[in-house]
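The values are calculated or read from the model by the stated rules, or taken from the named source; none is laboratory data. Since the structure is predicted, the reported quantities are computational estimates derived from the model, not experimental observations. Quick reminder, even Gly has a Cβ in these numbers, built from the backbone with ideal geometry, and neighbours come from all protein chains shown.
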Amino acid sequence: MDHIIRRERPEEEQITENLVREAFWNKYRPGCTEHYILHCFREDKDFIPELDLVMEKDGRLIGQIMFARAFVTARDGSKIPVTTFGPVSILPEFQGQGLGRELIEHGLEKAAEMGFGAVFVIGDDKFYEHLGFCNALSEGIRYEFADREDEEIDYVLCKELQAGFLKDVIGMWRDPDGYRVCMRDPFGFQEFESGFPYKALEYNEDQLFSY
Ligand SMILES: CC(C)(COP(=O)(O)OP(=O)(O)OC[C@H]1O[C@@H](n2cnc3c(N)ncnc32)[C@H](O)[C@@H]1OP(=O)(O)O)[C@@H](O)C(=O)NCCC(=O)NCCS
């Protein structure tokens, strides 16, 4: 094996954030904000430093994944701790070689070792179903920001890390507020982004957002 997965070191934070920017740039919107989300999460109560991982090959960082704490609110109001992850990135030149899958599966193993019973994610259902995830509503858990209780949102997915963990759970899941930092602080993002090298914005029909 010519690469390793390990915890990110404090002195690598900027390199990792640039890696995220390279991977996400123009993919879901013109430019991207995921590098700022990671940057802000580092100070967030939901951030899990033990699961802030990088992939290194020949002394170079080529991939990263971060995890955060989240919870499902059950019908009786109790909070069931779970985890979520993202951004997850592989540098474009290394994509499509199975490295992203390896990084995610490694992170999920570590999360299970830490005692997490389930993981939720917002992402491409085709990709994550391939990794054993299923639609959260099919497990009885709706997304807190769904318009209707029975609305099946194809991009909200989950996976048990301990068999049967979600079996009797009916409730709702919300992704941590850390993922909405750009809505709360658009000027903070602009200032942060201005510290990176120029990259051209592209607009195309495959993007989910036009702004
Ligand atoms: C998403 C990302 C991390 C995946 O990493 P990767 O190394 O390119 O993916 P892999 O090569 O490990 O692919 C894993 C598997 O998923 C499959 N796959 C990849 N993209 C897929 C898609 N859109 N739909 C269905 N299957 C897909 C691959 O065929 C592969 O299957 P296999 O394991 O049976 O061969 C990487 O492409 C990336 O950084 N993209 C930009 C940032 C991003 O979109 N992050 C995720 C946000 S949810």
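Table for the structure above
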read-out: Qualifying residue in segment 194-202 (condition: under 20 Å from the mean Cα position of the chain (by Cα) and modelled with pLDDT of 90 or more); value: no
read-out: Residues (over 13 Å from the mean Cα position of the chain (by Cα), within 12 Å of the ligand (Cβ to nearest atom) and either more than 22 Å from Q207 (Cα to Cα) or crowded, with 21+ Cβ neighbours inside 10 Å (or both)) located in segment 106-155; value: H106, L131, G132, F133
read-out: Lone qualifier among L103, L91 - being crowded, with 20+ Cβ neighbours inside 10 Å and either more than 12 Å from the ligand (Cβ to nearest atom) or under 21 Å from E56 (Cβ atoms) (or both); value: L103
read-out: R6 being more than 27 Å from D185 (Cβ to Cβ) and not in a strand (DSSP E or B); value: no
read-out: Whichever residue in segment 36-65 is of a type in the set (A, V, I, L, M) and over 22 Å from V119 (Cα atoms) and, among such residues, is farthest from the ligand (Cβ to nearest atom); value: L61
read-out: Residue under evaluation R148, criteria (1) assigned to a strand (DSSP E or B); (2) modelled with pLDDT under 95, criterion not met; value: (1)
read-out: Segment 43-67, residues that are closer than 17 Å to T16 by Cα, surrounded by 16 or more Cβ atoms within 10 Å (Cβ to Cβ) and out of contact with any His (no Cβ under 9 Å at 6 or more places or on another chain); value: F47, I48, L51, D52, V54, L61, Q64, M66, F67
read-out: Filter result (among the aromatic types (F, W, Y) and touching a strand residue (DSSP E or B) at 6+ places or on another chain (Cβ under 7 Å)) within segment 163-211; value: F165, W173
read-out: For E22: the one exception among (1) in contact with a Gly (Cβ under 8 Å, 6 or more places away or on another chain); (2) charged (D, E, K, R); (3) within 16 Å of the ligand (Cβ to nearest atom); value: (1)
read-out: Segment 156-180: number of residues that are more than 16 Å from the chain's Cα centre (by Cα) and surrounded by 13 or more Cβ atoms within 10 Å (Cβ to Cβ); value: 8
read-out: Identity of the residue in segment 25-35, part of a loop (DSSP other than H, G, I, E, B) and under 16 Å from the mean Cα position of the chain (by Cα), that ends up farthest from the ligand (Cβ to nearest atom); value: T33
read-out: Residue check for I80: of a type in the set (V, I, T), modelled with pLDDT of 95 or more, buried (at least 17 other Cβ atoms within 10 Å of the Cβ) and more than 16 Å from the ligand (Cβ to nearest atom); value: yes
read-out: Residue that is of a type in the set (G, A, S) and without any contact (Cβ under 8 Å) to a residue 24 or more places away in the chain, where the choices are G140, G117, G164, G100; value: G164
